[in-house]
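Values in this text are rule-based calculations from the coordinates and carry no lab data. Since the structure is predicted, the reported quantities are computational estimates derived from the model, not experimental observations. Reconstructed Cβ throughout: ideal geometry from the backbone, glycine too, with neighbour counts over all protein chains shown.
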């Protein structure tokens, strides 16, 4: 099986390269057509809806159906076997489990029970997931102080649902926002708020006491761990926000100007892969390096047209 390649004109700036004709033309006569337009082969993607971005040995892999293509900088694309699943947060992460008829929060072998109210809410979520044949939406912070059930955050010690506060960026002159998602980032929560039908998601970091940490940022994209000291919050506009585990903002980079379907993963502890739509019949793969001082730089970009636009 070969990697699909698509022939495209090679562009420099906005001018097509062409072989110059050495024969002079008479004055006033238009020049003769140049030779063949130079072409280059680039990888193309099947026009499918299930494209998946994954890391493999620090480089991006794009999968579709049963096929996967690894795209290494300055090297030809190669077909590879589907990479193993890569969790968004590979570091220590607590889990909500059932043991001996009790709802427990476990970090490795260290487990502690939850209160009656939270246990009832967890049971309700498990019942919903079984009825809908979908995974239960359950998570817990690494310090086991907060459990997330769907879009609700529960304080474990108080055995009650936390009252999340809207970000200060909402002044009151806008429509009232609602919580649309809650994700765990170490000991913190990333709470997504929205007050419109279109892309306008705002992400706010929240500590285990329910206090908002710092200013909100554009949100709506994936949340994932970069290394053992930093994590990433992506926006709907492919904007990258890097934070330390205490919630301090370290750096950001805007990749897109319009909302589009994008996937993002940590390729390793210092590189991020972003696959986003580029028009109606193409995608753009960007690899962004995150340095030790958390400066962000685009390492490489590859244009990937659909094989059959």
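With only Cα atoms counted, region 198-309 has Rg and Dmax values of 14.6, 52 Å. Each Cα pair under 8 Å and six or more residues apart adds its separation to the average, and for region 216-309 the resulting relative contact order is 19 percent.
Spread over its residues, the convex hull of the C-alpha atoms of the chain is 201 Å³ per residue. Its residues counted as N, region 95-259 yields a C-alpha radius of gyration over 2.2 N^0.38 Å of 1.07. Taking the chain as a Gaussian network of alpha-carbon nodes connected by springs under 10 Å, the highest mean-square fluctuation of the residues 132, 98, 183 belongs to 132.
Panel order for 154, 89, 193, by other beta carbons found within 10 Å of each beta carbon, from fewest to most: 89, 154, 193. From the alpha carbon centroid of region 246-272 to that of region 136-174 is 23 Å. With everything on Cα atoms, drop me the angle between helix 116-132 and the longest principal axis of the chain, reported from 0 to 90° to the nearest 10. Result, in degrees: 40.
Structure remark: mean-square fluctuation, Gaussian network model of the chain, C-alpha springs under 10 Å; the largest value among 88, 197, 54 belongs to 197. Dividing the summed -39500 (n - 2.57) terms of all DSSP H runs of n ≥ 4 by the residue count of the chain sets its mean residue ellipticity at 222 nm at -2000 deg cm²/dmol. Our summary gives the chain a relative contact order of 13 percent, counting only alpha carbon pairs under 8 angstrom and 6 or more residues apart. Working from Cα pairs under 8 Å separated by at least six residues, relative contact order for region 95-259 is 12 percent. Of the residues 139, 157, 94, which exhibits the maximal mean-square fluctuation in a Gaussian network model of the chain defined by a 10 Å Cα contact cut-off? Highest fluctuation of the listed residues: 157.
For 231, 303, 291, the sequence from fewest to most other C-beta atoms within 10 Å is 291, 303, 231.
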